[in-house]
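Working notes, structure below.
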Amino acid sequence: MADDILSQTAVGPLPDTDNSVRPYNPVAQQRVVRERLYGLEGINEHFARQFRMGLFSSLRLPTDIQAGEIKIQTYREFSADLSELTNLNLIQLKPLRGAALFVFAPSMVFTAVDKLFGGDGRFLTQIDGREFSNTEQRVINRMLKIALEAYSEAWSAVRKLDVRYLRSEMRAKFTNITSSPQDLVITTPFRIEIGTMVGECSICLPFTMVEPLRELLSNPQLVDTGEENKNWRRVLTREVQHSQLELTAHFVDIPLRLSQILKLQPGDVLPIDIPEHLVGHVNGVPVLTAQYGTLNGQYALRIERLINPILNDFNEEQPE
């Protein structure tokens, strides 16, 4: 039997230990996530739209938000990219276990503060390792409330979650959303443009938190969107109906030469013939015909008909 045992020479030389042996940590997560999280991409896009509308209503400024590419990385890699002064907000997504992070970069905070107080971004705020001021913290809380409402709405199409705020931190080492810095997290950056200024925020989810929904996020169910589109159209119709527009009615043109205008004196009367039918315009677009008169002592227009076919269709779709 001893003759049957191959010698080391027959087997081959031993591999170079320095190049072939790698340390293995049984505690750290060493998963390879190959599937694409289509469901989470949809949630992020929905959140970006809802968050944009919320910020626009709050700041009353043109706002645009774009969701970036989803990254699956270790928490150490995520925290290494954070700047010195960062607002880290821990949240819960009940009934999912653990805590996630809503991160507002300094650029986002300073942009919102500058715009709220009428700035145009000419004066850059210096970080210098300080904490956020009371005013900046109030603006953060205002934005965070809008963001959490938008995120809860975004998840509702996939899974009803109760989004709750826990606390805020300024350093990643105090968040403890993972048991080890080598644990995997799912992060999504968002680019936020407010007027001409740009800020950033991001969402960081521990992989263990969303792992129970991994199959649902990788292969989202196809649902009939007919009812959803109908509801969306109804809501949009109601919101548009509450918008304010300026209606103008053109009565008459009086052609005059400049020499005639120079001869006019206070008290002169320019006779005009009011037409029987007037056309109402919104931003130069004719929308209706009307008759001129008075009602309760006020000058008024009595609408005869809508002359824009789009408005006729819109009027038929009034929600109950």
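Only the coordinates and a few stated rules stand behind these numbers; no lab work does. Everything numeric here is computed off the predicted structure, so don't read it as measured data. Here the Cβ positions follow ideal geometry from the backbone for every residue, glycine too, while neighbour counts run over all protein chains shown.
Geometric descriptor of the range 137-195, per residue, is 147 Å³ (volume of the convex hull of the Cα atoms). Note that the range 53-62 has calculated 3J(HN,Hα) couplings of 5, x, 5, 4, 5, 7, 8, 6, 9, x Hz, one per residue in order, obtained from phi through the Karplus relation 6.51 cos²θ - 1.76 cosθ + 1.60 (θ = phi - 60°); glycine and proline are x.
Report D for the range 51-191 in µm² per second (integer): Stokes-Einstein, Kirkwood Rh on Cα pairs, 4 °C, 1.567 mPa s. Write down the numbers at each step before the final one.
Working: Rh = 16.3 Å.
After rounding, the answer is 80 µm²/s.
Extending 7 Å from the Cα toward the beta-carbon at both Ile274 and Glu193 defines two label points whose distance is 4.8 nm.
Given the pairs Lys71/Lys160; Lys115/Lys173; Lys94/Lys230; Lys115/Lys160; Lys71/Lys173, which are separated by over 27 angstrom at their Cα positions? Intermediate results must be reported in sequence, preceding the final value.
Working: Lys71/Lys160 24 Å; Lys115/Lys173 31 Å; Lys94/Lys230 29 Å; Lys115/Lys160 34 Å; Lys71/Lys173 20 Å.
Lys115/Lys173; Lys94/Lys230; Lys115/Lys160, as the Cα separations exceed 27 Å there.
What is the Cα radius of gyration of the range 39-109 over 2.2 N^0.38 Å, N being its residue count?
1.26
For the peptides 180-191, 263-274, 70-81, the ranking by mean Cβ contacts within 10 Å, running from highest to lowest, is 180-191, 70-81, 263-274.
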